[in-house]
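To keep things clear, I will list the structure first and then write my remarks on it.
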Amino acid sequence: MNLATVLRPSPRTRQTFDRLVVESFATRAEMGIAAAADIAAALTERLARQSGVRMVFAAAPSQADMLEALCAKPGIDWSRVTAFHMDEYIGLSPSSPARFANWLDAHVFGKLPFAAVHRITPEPDAATEVRRYADLLNEAPIDFVCLGIGVNGHIAFNDPPVADFADPLDVKIVELDDVCRQQQVDDECFPDLASVPHEAITLTVPRLLRADRLFCVVPGAVKRDAVSKTLYGPLTTECPASVLRYHAACTLYVDKDSDPDA
């Protein structure tokens, strides 16, 4: 399939929950192509009226279809786009393929000629890196965030025990809960639970929500419950993604498997 020439698929359904627009697609591939088309259109429009764009990427298998389609999109001046990512493990070897910066290098950072790519590097001191990365993020507004939702409802590594909708920090060190760590095993990023780090650096919920526009891509049956709680549950850090319903410009892309109404 030539992803550069595929037309944007039409969603099966399009609904709005508070402010959150939710588009549901018949397949995971169609979901990824549609999300990539919207991100490409937003990039093109933004680059037509300002000198550069700053955007944050999530690293997860759930994002792979969208990223493949986005990398194939023609006509985007990536040399005017600065890239960040939203979280990183503490304690992994810099060469580990499970490290998020390395995953993103393979799927997007290494495929496109970005103006700059700012990777989270916990070594040698994670606390120092938290401050450095927050300063980089705050040099100018963040235009776009491409994110997902975890099986426990997390956004970035803001798991329910540590998520804070009024977090005073932009970047912080967090303890990962066991549901989140098991997801990494189920996603085949680690061989077993013991191999998954216990700590990570993450952008906080308020830092993510300060971006102008959010594109949230969430495929797969294992995410159906989290999507249901995001859309139909209360606004609560028990499902951190529930806060997405109140962002001024967020679109949630789901496939038939992750759609609780399918």
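The values are calculated or read from the model by the stated rules, or taken from the named source; none is laboratory data. None of these values were measured; they are calculated from a predicted model. Note: ideal-geometry Cβ built from the backbone for every residue, glycine included; neighbour counts use all protein chains shown. Areas reflect the complete protein model, heavy atoms only, side chains present, ligands, DNA and RNA absent. Shrake-Rupley method; radii C 1.70, N 1.55, O 1.52, S 1.80 Å.
Could you rank the peptides 104-112, 213-221, 9-17, 225-233 by their average count of other C-beta atoms within 10 Å per residue, with the highest value first? Please report the intermediate quantities before stating the final value.
Numbers: 104-112: 18.0, 213-221: 22.6, 9-17: 13.9, 225-233: 19.8.
My ranking of the peptides, most packed first, is 213-221, 225-233, 104-112, 9-17.
Net charge near A59, counting Lys/Arg +1 and Asp/Glu -1 over other residues with Cβ under 12 Å of its Cβ? Spell out each step's value before the answer.
Working: positive: R99, R119; negative: D87, E88, D105, D187.
Its environment carries a net charge of -2.
Below 16 Å, Cα to Cα, which lysines can K73 reach? Residues fewer than 8 away in the same chain don't count.
Those lysines meeting the cut-off are K111.
How long are the three semi-axes of the equivalent ellipsoid of the range 1-58, in whole Å, if each is the root of 5 times an eigenvalue of the C-alpha gyration tensor, listed from largest down? Intermediate values should be presented prior to the final figure.
Working: eigenvalues 101, 59, 20 Å².
Square roots of five times the eigenvalues give 22, 17, 10 Å.
Would you work out which of A72, P240, A194 lies farthest towards the positive end of the dipole of the chain, given +1 charges on the beta-carbon of Lys and Arg and -1 on that of Asp and Glu, about the Cα centre?
The residue sitting most towards the positive pole is A72.
Once both labels are modelled 7 Å past Cα along the beta-carbon direction, what's the D164-Y232 spacing in nm?
According to this spin-label approximation, the distance is 3.3 nm.
Over the chain, what is the relative contact order in percent, taking alpha-carbon pairs closer than 8 angstrom and at least six residues apart? Walk me through the numbers before you get to the answer.
Numbers: 537 pairs, mean separation 63.6, N = 262.
Relative contact order of the chain: 24 percent.
I want the local charge near A211. Using Cβ-Cβ distances under 11 Å, sum +1 for each Lys or Arg and -1 for each Asp or Glu among the other residues.
Neighbour charge sum, excluding A211 itself: +2.
How big is Rg to Rh over the range 6-118, alpha-carbon atoms, Rh as the Kirkwood inverse-mean-distance radius?
Working: Rg = 15.2 Å, Rh = 15.3 Å.
Looking at the range 6-118, the ratio lands at 0.99.
Would you mind working out the magnitude of the charge dipole of the chain relative to its Cα centre, with +1 at each Lys and Arg C-beta and -1 at each Asp and Glu C-beta, to the nearest 20 Debye?
Details: 25 positive and 36 negative charges, 204 e Å.
My answer is approximately 980 debye.
Looking only at the chain, where both bridge partners belong to it, what percent of the DSSP beta bridges are antiparallel (to the nearest 5)? Don't jump to the answer; show the numbers that get you there.
Details: 16 of 41 bridges.
Approximately 40 percent, going by the DSSP bridge assignments.
With a 1.4 Å probe and every protein chain kept in, tell me what percent of the accessible surface of the chain is carbon plus sulfur. Working shown, then result.
Numbers: 5560 of 10610 Å².
Accessible surface attributable to carbon and sulfur in the chain totals 52 percent.
In deg cm²/dmol, rounded to 500, what helix-only [θ] at 222 nm does the chain give when every DSSP H run of at least 4 residues adds -39500 (n - 2.57) and the total is split over its residues?
Numbers: 7 runs with 68 residues, N = 262.
Using -39500 (n - 2.57) per qualifying helix, the result is -7500 deg cm²/dmol.
Hydropathy first: keep DSSP H helices in the chain averaging at least -0.5 on Kyte-Doolittle, then drop any whose Cα extent along the axis falls short of 15 Å, and list what survives. Please list the in-between numbers first.
Working: long enough: 28-47 (28 Å, 0.61); 126-137 (16 Å, -0.07).
Counting only whole DSSP H runs, the qualifying helices are 28-47, 126-137.
For the range 64-146, which GluC sites (Glu not before Pro) pass both filters: DSSP loop (anything but H, G, I, E, B) and at most 13 other C-beta atoms within 10 Å? Please list the in-between numbers first.
Details: sites: E68, E88, E129, E139; in loops: E139.
Within the range 64-146, the qualifying GluC sites (Glu not before Pro) (loop, at most 13 other Cβ atoms within 10 Å) are E139.
Which GluC sites (Glu not before Pro) in the range 159-211 pass both tests, a DSSP loop state and at most 15 other beta-carbon atoms within 10 Å?
On the way: sites: E175, E188, E199; in loops: E188.
Of the GluC sites (Glu not before Pro), the ones in loops of the range 159-211 whose Cβ has at most 15 other Cβ atoms within 10 Å are E188.
Under 16 Å between alpha carbons, and skipping anything fewer than 8 positions from K256 in its own chain: which aspartates and glutamates qualify?
Straight-line reach from K256, under 16 Å: E23, E30, D65, D225.
Count charges around P122 for me, please; just the other residues with Cβ under 15 Å from its Cβ, Lys/Arg as +1, Asp/Glu as -1. Walk me through the numbers on the way to the answer.
On the way: positive: R99, R119, R131, R132, K172; negative: D87, E88, E123, D125, E129, E175, E199.
Neighbourhood net charge equals -2.
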